[in-house]
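Shown next, in structure tokens, is the structure this report addresses.
The values are calculated or read from the model by the stated rules, or taken from the named source; none is laboratory data. As the structure is a prediction and not an experimental result, all values here were calculated from the model. With ideal geometry, Cβ positions are generated from the backbone for all residues, glycine too; neighbour counts draw on all protein chains shown. We work out accessible area using only protein heavy atoms, side chains counted, and drop any ligands, DNA or RNA first. Shrake-Rupley method; radii C 1.70, N 1.55, O 1.52, S 1.80 Å.
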Amino acid sequence: MHVFERYYQCNLFCDRCMALQGPNCPEHMDYRNIGPSAAWPLTEIDDAFYRTLDAHSLSPWLQMDGFNLGCIAYDWMHNVFLGTARDLVASGIFVLISSGRFGPPTDDMDEILCRVQRSMHRTCAANGMRLPSKPHLTVANLRADEGYAEMGTRFKASHIRLLVRWLARETQIFADANQNDCVVNVLAACAYNLQRACELVEHGSPLLFSEEDSVEASSCIRAHLKAFWWLAYYFFQRRELLFKLRCKSHYLFHTADDIERYRINPAVMHCFGEESFLGKVKSILVSCHGATCTHSFFMRYLLAVSVSLKELKEKENQFE
């Protein structure tokens, strides 16, 4: 995204439409407005219009044969597991705590979060999910002492993916037992629809969705976003810093449109492999001396690749 003129730190931040952010943007163009008065959904930009913009606003990618605006794909991992899901899980935990899901609240919030984490591990283990033991759930790791609740950066995308499954199950059980609690039921719908969309992305066709799955996935994303918006507005009215709205939430609206229009599975373009590779690079670098880390890294990396190729060749020989 950073090779484009518009990105999340700009007031005009979206390559697909004219949605705005910032304190002075008109209400009907504010990306946080998804009601009947919202005008930004009517301003979707197509490739023909994009090419009429001034040269400074055009992407260098236009010099590549075959490139058009439809080639832009939003990364599912960053927009979901490192985006709205981080806010959803953290805020959802605090909603469940305040609703009495994990016993009577006490003055020590870290003690309650420790209780929540034990419940998480029991539930995940019972359902065949291996949840990492670290990082621990604390007020600091959920950033509740700094502002809006969100899972801290120590929680990786693979960790958040498991927590979304846990939250969907936990809220569904609690909502069934508290059918008159509007907030809990909206939270359950929000978590369920995101989890269902994730299931379709992860276990659906690896390239093209069937027509039925594309309609269901896009509908689940939109239902998740509408529920998330409702919760954000509800807690904003109560002056509680939960369910923060981000540009990544807006990008998910366009992802839903793309899935319905093109039927391409977002998993084709997600960055899990690249992020895992960077993690391996980091693990090698931190074990090298600072003065020779560049040289030592490549030596160790080539050694690891050669060992992997040798093991692969030995396995191939076993099948011949």
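Condition check for Gly100 on (1) touching a residue at least 60 places away in the same chain (Cβ under 8 Å); (2) open to solvent by less than 70 Å² (accessible area, probe 1.4 Å): one failure, at (1).
Being of a type outside the set (Asp, Glu), touching a residue at least 40 places away in the same chain (Cβ under 8 Å), open to solvent by 10 Å² or more (accessible area, probe 1.4 Å) and under 20 Å from Phe102 (Cβ atoms): is that true of Val183 here?
Working: of a type outside the set (Asp, Glu): yes; touching a residue at least 40 places away in the same chain (Cβ under 8 Å): yes; open to solvent by 10 Å² or more (accessible area, probe 1.4 Å): yes; under 20 Å from Phe102 (Cβ atoms): yes.
So Val183 fits the description; yes.
If I ask for residues that are over 33 Å from the mean Cα position of the chain (by Cα) and open to solvent by less than 100 Å² (accessible area, probe 1.4 Å), which ones from the stretch 294-310 would you list? Once the filter is applied, which keeps residues that are over 33 Å from the mean Cα position of the chain (by Cα) and open to solvent by less than 100 Å² (accessible area, probe 1.4 Å), the stretch 294-310 yields Ser296, Ser306, Val307.
Conditions tested, residue by residue: (1) in contact with a helix residue (DSSP H, G or I) (Cβ under 7 Å, 6 or more places away or on another chain); (2) closer than 24 Å to Leu88 by Cα.
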position: Lys226; (1), (2): no, yes
position: Tyr234; (1), (2): yes, yes
position: Arg246; (1), (2): yes, yes
position: Pro266; (1), (2): yes, yes
position: Phe277; (1), (2): no, no
position: His289; (1), (2): yes, no
position: Val307; (1), (2): no, no
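When we screen Ala291, Ala267, Ala256 for residues that are part of a helix (DSSP H, G or I) and over 23 Å from Thr84 (Cβ atoms), the only hit is Ala291. Of all residue pairs spaced 6 or more apart or on separate chains, those with beta-carbon atoms under 7 Å, a first member in the stretch 154-177 that is more than 15 Å from Gly92 (Cβ to Cβ) and at pLDDT below 95 and a second member that is charged (D, E, K, R) and open to solvent by 10 Å² or more (accessible area, probe 1.4 Å) are Ala157/Glu275.
Considering the stretch 187-204, and only residues there that are touching a residue at least 24 places away in the same chain (Cβ under 8 Å) and open to solvent by 30 Å² or more (accessible area, probe 1.4 Å), the residue that is nearest to Trp230 (Cα to Cα) turns out to be Ala189. Of the residues making up the stretch 205-218, those that are in contact with a helix residue (DSSP H, G or I) (Cβ under 8 Å, 6 or more places away or on another chain), open to solvent by 20 Å² or more (accessible area, probe 1.4 Å) and of a type outside the set (Val, Ile, Thr) are Ser205, Pro206, Leu207, Asp213, Glu216.
Restricting the stretch 4-45 to residues that are open to solvent by 80 Å² or more (accessible area, probe 1.4 Å) and in a helix (DSSP H, G or I) leaves a set whose member that is farthest from Tyr233 (Cα to Cα) is Leu42. Just so you know, in the stretch 46-72 the residues that are in contact with an Asp or Glu (Cβ under 7 Å, 6 or more places away or on another chain) and part of a loop (DSSP other than H, G, I, E, B) include one that is nearest to Ser249 (Cα to Cα), and it is Ile72.
Name every residue in the stretch 162-180 that is open to solvent by 50 Å² or more (accessible area, probe 1.4 Å) and under 14 Å from Gln195 (Cβ atoms), in order of residue number. Passing the criteria: Arg165, Arg169, Gln172, Ile173. Criterion applied to Ala73, Ala48 was being surrounded by fewer than 18 Cβ atoms within 10 Å (Cβ to Cβ) and touching a residue at least 40 places away in the same chain (Cβ under 8 Å), and the one residue passing it is Ala73. Checking each residue in the stretch 51-61 for being surrounded by 14 or more Cβ atoms within 10 Å (Cβ to Cβ) and among the aliphatic types (A, V, I, L, M) picks out only Leu58.
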